[in-house]
């Protein structure tokens, strides 16, 4: 799945919110003025792209590699996997594979951060699994973006909505884009063949990727 997040001239931010609930029970939240404290204990090193990292809590987890490619869980359900980021900047002719530019990873008691560093853009990915959240909300990922030019971030990932083994699963989920306002923004609902189980993934201000109409011949497009 890929969500589009417009990037301001110098600094912008976005939040990836992952939820699992009945199909009609989703709600979104807006984070404004979130304070990220810089003091305290920290372990930091250069990233090793093939090595794993884990951010786990009582409600869910982010499990991935140090190039930022991760999967997200809301226990006992895996909701998405293979998240990757591409940046397209104004008057910069080459799309930037953000994951290829992972530079450092740091771990604190309350969060894990991966920094991607490119000459034209720096992305700070802040991940945490809250101890107390609304039912069905397991993982939050914040993106802090510092770019020399305006542009677009494109998030691509695979929808899963799969229960832990040995529970049975029922095929690949289908995606529905739910627009919040006429001015833009919204979220994906990932429907399964079980009416009581669905998932939602959102970034404030996002726009959808390819959503083929029903009359198209069967073909798999990445969710964007």
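Report the Cα centroid-to-centroid distance between the range 149-224 and the range 96-116 in angstrom, as an integer.
A separation of 25 Å, based on Cα centres.
Within 10 Å of each residue's Cβ, count the other Cβ atoms and sort 44, 77 from fewest upward.
The fewest-first ordering by Cβ neighbours comes to 44, 77.
Restricting the calculation to Cα positions, tell me the Rg (one decimal) and the Dmax (whole number) of the range 92-179 in Å.
16.9, 48
Full extension from residue 149 to residue 46: what is 0.36 nm times the residue separation minus their Cα-Cα distance, to one decimal in nm?
Here the segment from residue 149 to residue 46 would lengthen by 34.5 nm.
Neighbouring Cβ atoms within 10 Å as the yardstick, rank 214, 92, 188, 170 fewest first.
214, 170, 92, 188
In the range 66-87, whose amide N lies under 17 Å from the spot 7 Å out along Cα-to-Cβ of residue 196? List them in ranges.
75-77
Using 7 Å Cα-to-Cβ label points, what is the residue 75/residue 176 separation (nm, one decimal)?
About 3.0 nm separates the two model spin labels.
Using a Förster distance of 35 angstrom, determine the FRET efficiency expected from the C-beta separation of residue 156 and residue 131, and round it to 0.05.
0.70
Order by neighbour count: 100, 71, fewest other Cβ atoms within 10 Å first, most last.
Placing the least packed residue first, the sequence is 100, 71.
Using only the Cα atoms of the range 65-224, build the gyration tensor, take square roots of its eigenvalues as a ≥ b ≥ c, and label the shape rounded, prolate or oblate: rounded if a/c is under 1.5, else prolate if a/b is larger than b/c, else oblate.
Oblate, since a/c reaches 1.5 and b/c is not below a/b.
Quick one: P(r) of the range 167-224 from all Cα-Cα pairs, 5 Å bins, percents rounded to integers, in order of increasing distance.
Spelled out bin by bin, the range 167-224 gives 4, 16, 24, 23, 18, 12, 3, 1, 0 percent.
Only the coordinates and a few stated rules stand behind these numbers; no lab work does. These numbers come from a predicted model, not from an experiment. Heads up, the Cβs are rebuilt from the backbone with ideal geometry, glycines too, and the neighbour counts pull from every protein chain shown.
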